[in-house]
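Presented below is the structure to which this report refers.
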Amino acid sequence: MDSPVELDRRDGIGFITFDLTGQKVNLLSRAVMERLSQVLTELQARDVQGAIVRSGKDGVFIAGADVNEIWTVQTGEETAEAVRTGQVIMDRIEALDFPIVAAIGGVCLGGGAELALACHGRVGSDHPRFQIGFPEVNLGILPAWGGTTRLPRLIGVRQAMDLILTGRAIDATKAERIGLVDRAVPHSELDRRALELLDELIRGRRPRRPGKSLLLEGNPIGKWFLFWQAKKRVLEKTKGHYPAPLAALDVMRRGASSKARSLELEQEHASRLLPGEVSKSLVRVFLLADRAKRTPDGEPPRVESAGLLGAGTMGGGIARLLASRDVAVRLKDVSPDALGAGLAAARAVFEQRRKRRRLSTWELEKKMALITPSLDWSGFGIADLVIEAIVEDIDIKKSVLRELEAHVSNECLIATNTSTLSVSEMQTVLEHPERMAGFHFFNPVDRMPLIEVVRGKRTDERVLTKLVWMAHRLGKTPVVVNDAPGFVVNRILGPYLNEATKILLESADVEGIDRAFLEFGMPMGPLRLLDDVGIDVAHKAGAVLGKAFGARTQPTGVLEKLVAANRLGKKTGAGFYRYDGKQSVPDPEVCSIIGASSSRPLRADEALKRALGLMIAEAYRCLDEGVVASADELDLAMILGTGFPPFRGGILRYAETYGIDRVAEDLAQWREKEGSRFEPPPSLLERARTA
């Protein structure tokens, strides 16, 4: 198929087929939309009773608009023109004087879902890649080709809010239950059942759809309450940093009585949002992540069996992840209790997926059967990959790796999950160091999307490529980094967390410190993060960074005192906070343990400048030293590895937006007050001079 959209006619039925040549997915670019407009004109000129919209790609209907084109839009006028073009085409589909049905056999997102909404009927299949949703809020915009207008009219305001405000996608069964698709069918029957629905529409039979909530949507008071609650939830979640969900709510509220007015509101909000800083940052992050998800050239490595050393929190999580991708795992530890805990942790995550209906009971047991516990080296001889995830101690790791090599084949890849220690030093104990690299997961393994693939001094580049392939297979986003203390994420995070403890010593205000960074957009404050990571784990990492970088990362002693008091954070029920089930409160006792005083009352703006300034300075040092290849990869790593606010585009993007010259001034001021740890790197000063 040379054209991205083709039109055929058979037995009085028009078939519109999307199939972009040379592309894995169908996207609605300007060229595709122009061709679709031509096809609609051709369709209207033909003698047809109805039409089917379908895809020529297996597992993909239409994956949305072309985000690269969204990135190029700079002004409100450009946005308004693009929105008007899309709305006109969707209106033409809806206004056809014969019925048209979307046969959705896979990914149907964004503009693709808006196109399906404009059709008179929709059939979804049970293809494993099927998902339908409106992820525009994740790009800082809203469905503006009629999606925010049509969806609440089709499935009700409450269900529409759930999809549009969260950006989440759902499967065909859920889509049928809420009325988003009219039929959820086996994939093999998609074409036949789409024609069957089309025939019903031609005969004037309207599909039955679930009713809307009359209690909330059928009266003014109920509707007011619905919107009030939704706005409250949005603000609680976003702290006002993400304007797109509020814009979508405004369209649904003020456009409810008039479709024409609703479409106008879509256009108005899109014209303001898309050229804005938040949308540009989010679109950039999407493009960076999309680029990082591209698999390397060549054949993927064969990994059917893996070994996992260490059944702790990380080890158990990695073992579950491998099993979820149908890799048999030999999970080794020296303690039967540790093995039991590792298996229990893996099962708990599988159970969560089963409860969410993403996994059947049979599939759960099948996956768990792939994880075999072991107290010895049996089974490691057939492993294609072994990942070491034991205690963060360089001598213990070297000892275990030296012993491991005698029990694996010469072709086996060896990886370490170390978060701060030298991969190159670990390689020194191996006879074949070229087959070893770092493969650093982040906790919790099942939720954190990043893997740092670490190049040791003697790592073969082919090994790195294989581990990048493996990261993709595990559903993670890899960023390749060079071996250096803390690599990228923990190296930049270390000074930030250390400075938070310094500010605590001065202010004795746990809650105030965390609140300042939450309001900035961090997913959690630095002290809460230390509790989550484990204060003992953070203490060891801080010691490594302090030894490597001296004054600028020298530990304050806070973590050491808490470890001595056995306050290790959430896992022991007490750290900076005290935990009781799901409840947590700042613990005043912590300040007396660490010797904090309120000699310098907390100022949120100063706390942000100090901690973020140190992060920015360290980020530039990472670039200067070549620890990571580019600023783009560094920003992506910090967002995926630490939750740095995506709407700010990453730590370096934030520095540019804030102003490099202002960063340099802030660091200079704090260097005078606090000392050499605030010394900016020469590259930052040079950028500030030319800013």
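The values are calculated or read from the model by the stated rules, or taken from the named source; none is laboratory data. Because the structure is predicted, anything quoted here is derived from the model rather than measured. Cβ sites come from the backbone with ideal geometry, for glycine too, and all protein chains shown count toward neighbours. For accessibility, only protein heavy atoms count, side chains too; no ligands or nucleic acids. Shrake-Rupley method; radii C 1.70, N 1.55, O 1.52, S 1.80 Å.
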From the residues S257, G12, L109, which one has its Cα farthest along the dipole of the chain in the positive direction, the dipole being from +1 and -1 charges on Cβ of Lys/Arg and Asp/Glu about the Cα centre? S257
Expressed per residue, the solvent accessible area of region 1-151 in Å² (1.4 Å probe) is about 37 Å²
For the chain, which whole-number percentage of the solvent-accessible area (1.4 Å probe, protein heavy atoms only) is attributable to carbon and sulfur atoms? 50 percent
Assigned charges on the beta-carbon of Lys, Arg, Asp, Glu; region 501-636 dipole about Cα centre (debye): 420 debye
Filter on K397/K561; K232/K280; K223/K259 - keep pairs with C-alpha separation over 22 Å: K397/K561; K232/K280
Order by protection proxy (mean Cβ within 10 Å, highest first), peptides 134-147, 555-568, 116-129: 134-147, 116-129, 555-568
When the charge dipole of region 449-607 is computed with +1 at the Cβ of Lys and Arg and -1 at the Cβ of Asp and Glu, the Cα pointing farthest to the positive end, of V488, G595, L464, is that of L464
Size of electric dipole in the chain: Cβ of Lys, Arg +1 and of Asp, Glu -1, about Cα centre, debye, nearest 20: 1940 debye
For the charge dipole of the chain, defined by +1 on Lys and Arg C-beta atoms and -1 on Asp and Glu C-beta atoms about the Cα centroid, which residue among P220, V285, Y654 has the Cα displaced farthest towards the positive pole? P220
Which percentage, to the nearest 5, of the DSSP beta bridges contained in the chain is antiparallel? 30 percent
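Based on alpha-carbon positions alone, could you give the equivalent ellipsoid semi-axes of the chain from the gyration tensor, as √(5λ), descending, whole Å?
One finds semi-axes of 47, 32, 24 Å for the chain.
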Along principal axes, largest first, the alpha-carbon spread of region 442-579 in whole Å comes out as 50, 31, 29
Debye, to nearest 20: dipole size of region 607-678, +1 on Lys, Arg Cβ, -1 on Asp, Glu Cβ: 320 debye
How large is the helix-only mean residue ellipticity at 222 nm for the chain, computed as the sum of -39500 (n - 2.57) over DSSP H runs with n ≥ 4, divided by its residue count, in deg cm²/dmol to the nearest 500? -16000 deg cm²/dmol
Kindly report the accessible area of region 334-437 per residue (heavy atoms of protein chains, probe 1.4 Å, no ligands, DNA or RNA), in Å². 49 Å²
